[in-house]
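Visitor: Got a structure for you, written out below as structure tokens; questions coming shortly.
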Amino acid sequence: MLRRPAPGAALCLALCLIAASASNVGAQQGAASPRLLPDISAVGDLIADLSPKGSTMEDGARFGVREIEIALQAAVDPTFRGDIFLGFSDAEGVAIEQAFLTASALPYGIEARLGRYLMPFGKDNLTHRHDLHTIEYAHVNQRLLGEEGLKGTGVWLSKVFAPFGFYQELLVTVVDGYGQGHGHEDEEEEPEPEPAEPANRDLSGLAYSVRLRNYWDLSEAANVELGASALTGVRVQPAIDVVDGLIGLNTREHLVGLDLTYRWRPLQQGLYRSFLARAELITRVHPSKEYPATISFQGPTRNFTGAYVFARYQLTRRLHLGVRGDRLQDPEADGATLNAASGYLQFFPSEFSKLVAGLERVAPGGGAEKVNRLILQATFALGPHKPHPF
């Protein structure tokens, strides 16, 4: 009996056939046609969990392919550029990670994006997991933004200016469906209750964010960046109604964050020595609201705050040593304080590959048992790959 191929395998096969067909057409039509093809690249993110008391990975595996990311990027015409990032995972299937159209020739130096993208909230959220200086996002990012980062689908506007003698960048977004889980979905998780009406029925139900980056050169070898972010949006929270049972309520949430980054790279030894220090603070605010006596609200009723501090020093041309400290009022433990400390040893055989060993000790709140983690990571890039965000 013939078996139906998995969705991920079918999509991979389709992409291969498209690339092969386009290559044949380019070979037949001459040297100019291949420039019509987009840049196609792939990034593999491999994980090994050697923690002493069992795997701490999402799917419980000791060895796994956390994700394969396929990127298609090209200039559409002199006005627009298109970027598509597809994610493949054994545990979570296939997802459109990002897909956006960028217009960089607008008046007044404004850049605009339309589509799905990583939200410009905080510093690390703009970086894919395989490009992080650590193996995973900090705990505050995982709990308050999402394990794979906070994504949004909508409009992005940004502008760089320097009215005070130093560079600033303002980023504003309007997105549909804050906290609706764009990206991978876990089929085993229970679905969220449906609200009585869509949050985006009114424009006030959309999510709005703003981020301001400030950049100063301290010397020829050092610079500092200070950022502030804010986001407000409506998301579904569970409630119990005496008549209808479990229902969904559209409730407003706010996110505010501050981040500070210091970079040092001497001109004479830039290939062999560098230092990076970063700190980030995020608070999720739940405004108090009164509900009818017939409704018992089951969602969060308090604010949660978390932060991390990270530092990385370059030992040799290819070897880096990093440490991170985390502290968080954990929403998954009713606000109990989570503390964590971790260290990372990174080795870069080339710009196309990375090997990381991470050791972490996590002390969950509420008296839960402490967890020791030993994680190994290997990432590799095939084809032209995008530069890391600055």
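The values are calculated or read from the model by the stated rules, or taken from the named source; none is laboratory data. Keep in mind that what you see is a predicted model, and the values were worked out from it rather than measured. Neighbour counts are summed over all protein chains in view; Cβ atoms, including those assigned to glycine, are modelled from backbone coordinates with ideal geometry. Each accessible area value is taken on the protein alone, full model and side chains, heavy atoms only, with ligands, DNA and RNA left out. Shrake-Rupley method; radii C 1.70, N 1.55, O 1.52, S 1.80 Å.
Visitor: Answer with yes or no whether residue 352 is surrounded by fewer than 13 Cβ atoms within 10 Å (Cβ to Cβ) and modelled with pLDDT under 95.
Guide: No; evaluated as a whole, the condition is false for this residue.
Visitor: Tell me the residue from 61, 95, 91, 74 that is in contact with a His (Cβ under 6 Å, 6 or more places away or on another chain) and either in a helix (DSSP H, G or I) or touching a residue at least 12 places away in the same chain (Cβ under 8 Å) (or both), please.
Guide: Result: 95 is the single residue among 61, 95, 91, 74 that is in contact with a His (Cβ under 6 Å, 6 or more places away or on another chain) and either in a helix (DSSP H, G or I) or touching a residue at least 12 places away in the same chain (Cβ under 8 Å) (or both).
Visitor: Could you list, in sequence order, all residues of the stretch 226-265 that are surrounded by 15 or more Cβ atoms within 10 Å (Cβ to Cβ) and part of a loop (DSSP other than H, G, I, E, B)?
Guide: 265
Visitor: Tell me, which strands (runs of 3 or more DSSP E) lie completely within the stretch 278-367 with 3 or more residues that are in contact with an Asp or Glu (Cβ under 9 Å, 6 or more places away or on another chain) and polar (S, T, N, Q)?
Guide: 337-350
Visitor: Would you point out the residue of the stretch 293-312, among those that are over 19 Å from the mean Cα position of the chain (by Cα) and aromatic (Phe, Trp, Tyr), that is nearest to residue 144 (Cα to Cα)?
Guide: Selected residue: 304.
Visitor: Looking at 71, 22, 27, 48, which is the one that is at pLDDT below 55, surrounded by 15 or more Cβ atoms within 10 Å (Cβ to Cβ), over 16 Å from residue 93 (Cβ atoms) and hydrophobic (A, V, I, L, M, F, W, C)?
Guide: The unique qualifying residue is 22.
Yes/no per residue for (1) out of contact with any strand residue (DSSP E or B) (no Cβ under 9 Å at 6 or more places or on another chain); (2) under 19 Å from residue 49 (Cβ atoms); (3) open to solvent by 40 Å² or more (accessible area, probe 1.4 Å):
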{"position": "331", "(1), (2), (3)": "no, no, no"}
{"position": "334", "(1), (2), (3)": "yes, no, yes"}
{"position": "337", "(1), (2), (3)": "no, no, yes"}
{"position": "356", "(1), (2), (3)": "no, yes, no"}
{"position": "367", "(1), (2), (3)": "yes, no, yes"}
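Visitor: Could we say that residue 83 is surrounded by 16 or more Cβ atoms within 10 Å (Cβ to Cβ) and more than 25 Å from residue 162 (Cβ to Cβ) here?
Guide: Here the answer is yes, as residue 83 does meet what is asked.
Visitor: Just one of 115, 152, 146 is at pLDDT below 95 and part of a strand (DSSP E or B); which is it?
Guide: 152
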